[in-house]
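Enquirer: Quick one: structure below, then a few questions.
FYI, it's all coordinate maths here, none of it is from the lab. Note that the structure is predicted; figures quoted are calculated from it, not measured. Heads up, the Cβs are rebuilt from the backbone with ideal geometry, glycines too, and the neighbour counts pull from every protein chain shown.
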Amino acid sequence: MKLAFLGSPDVAVAPLRAIVEAGHEVIVVVTQPDRRRGRGAQLVPTPVKGAAVELGIDVIHDSGALTELADEVELGVVVAFGQMIKASVLAAVPMVNLHFSLLPRWRGAAPVERALLAGDSQTGVCVMGVVEELDAGPVYRSQTVSIDSTVTANQLRLQLCSVGIDLLLDALEHGLGEPTAQTGEITYAAKITPEDLRIDWGREPLEIHRQIRVGNAWTTFEGRRIKILSADLVDDSLRIGRVQPEGRGPMDYGAWKRGVRAADDTWFE
C-alpha cells in the first residue's frame, strides 16, 4: 500500500521500519518539528525523523499538508504522533492509529503509564480508526497483554509495540475489515506530570513500586531531589536498588548511602 506515516518518539520507529521492510511504500512521514535540547540548545530531530531520513522518505511537520497528497496516499498510519489531526485531513486521507491500551480504557497520551499506576492486571493494543474525537474511533484489531507485577513502563511499551506491529502488518496485508465500535467505561490517560511521580512515603509500598516502575519517580534528601530508579517489592516491603542523586549519574542505593554517610534509620523526605 501507499502510506503516510505519522509518529514522533522512539516507540514509533520500529513500526515505521517494519512497514517499509514489509514492502509497503511510505510516501511521506509526518512528525513533530525539531526541538532544541541539551546544553548547547541544538536543534534535534524526532527519532522518527531520523529513521525516515535514513530510509530516504520525505519528511514534513504539518499534517495539514496531507490533503495535497490525498490522491497518492491510500492510508495514514499513526503511532504516537503527539498532535490532534484536523477533520479536513481525516476527510481527505483515511487513517488508523496503533494505540497501546484496550480501548475505551486509557484513551489519551499516557496509556502505558496510567495502566501501571492504576495497578491494571492487563492492557493491550488496538488498531483503531482515527476520528476527530480523541481515541474514539472504531477498533479493527486488538490483542490483550498481561501486565507482569515487575515490568517497567519501558519494557511494557516495547512488548506492546511488538504485538502492535504484528496487528498492523496483518491489517495492511489482508485489509482492515469491518471495525467494532468501542464499548465499556471510558477512562482517560492524562499526560504524566512530575507530581504524579513524586513519592509519598506514607502510601502503600505497592503503590510506590508502581510509580518507580513507570520511571522517573523521585523524592528528596536533605532538600535535594533524588530519583529512585529501581526497587523490588519483597514481603510487602520496598527494597531500593538504584538511585540517581541530583546532578550525578545512576548508582547503587547502598553506595549512595555510604557516600552521604546516612544512618540506617535515615529516610527520604
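Enquirer: Run the numbers for residue 252 and residue 235: contour at 0.36 nm per residue of separation, minus the present Cα-Cα distance, in nm.
Expert: Working: separation 17, 0.36 × 17 = 6.12 nm, distance 2.13 nm.
Computed gain between residue 252 and residue 235 is 4.0 nm.
Enquirer: Using modelled amide H (1.01 Å from N, peptide plane; none on Pro or chain starts), what sits under 5 Å from the amide H of residue 6, excluding residues fewer than 5 places away?
Expert: Residues meeting the amide H criterion: 30, 77, 78, 79.
Enquirer: Where in the chain are the DSSP H helices whose C-alpha atoms run 20 Å or more along the long axis and whose mean Kyte hydropathy is at least -0.5?
Expert: On the way: long enough: 153-174 (31 Å, 0.52).
Once both thresholds are applied, what remains is 153-174.
Enquirer: In nm, what is the difference between 0.36 nm times the number of residues separating residue 1 and residue 155 and their Cα-Cα distance?
Expert: The span from residue 1 to residue 155 would gain 52.4 nm if fully extended.
Enquirer: Percent of Cα-Cα pairs more than 14 Å apart in region 194-260, please.
Expert: Across region 194-260, Cα pairs with separations above 14 Å total 56 percent.
Enquirer: For region 69-102 and region 122-169, what is the separation of their C-alpha centers, rounded to whole Å?
Expert: Their Cα centres are 16 Å away from one another.
Enquirer: Turning to a different aspect of this structure: Return one quarter of the surface area of the convex hull spanned by the alpha-carbon atoms of region 156-225, equal to its mean projected area, in nm².
Expert: That works out to 7.6 nm², a quarter of the Cα hull's surface.
Enquirer: Something else about it: For region 199-236, which chymotrypsin sites (Phe, Trp or Tyr not before Pro) are in a loop by DSSP, counting at most 15 other Cβ atoms within 10 Å?
Expert: Here the sparse-neighbourhood loop sites are 201.
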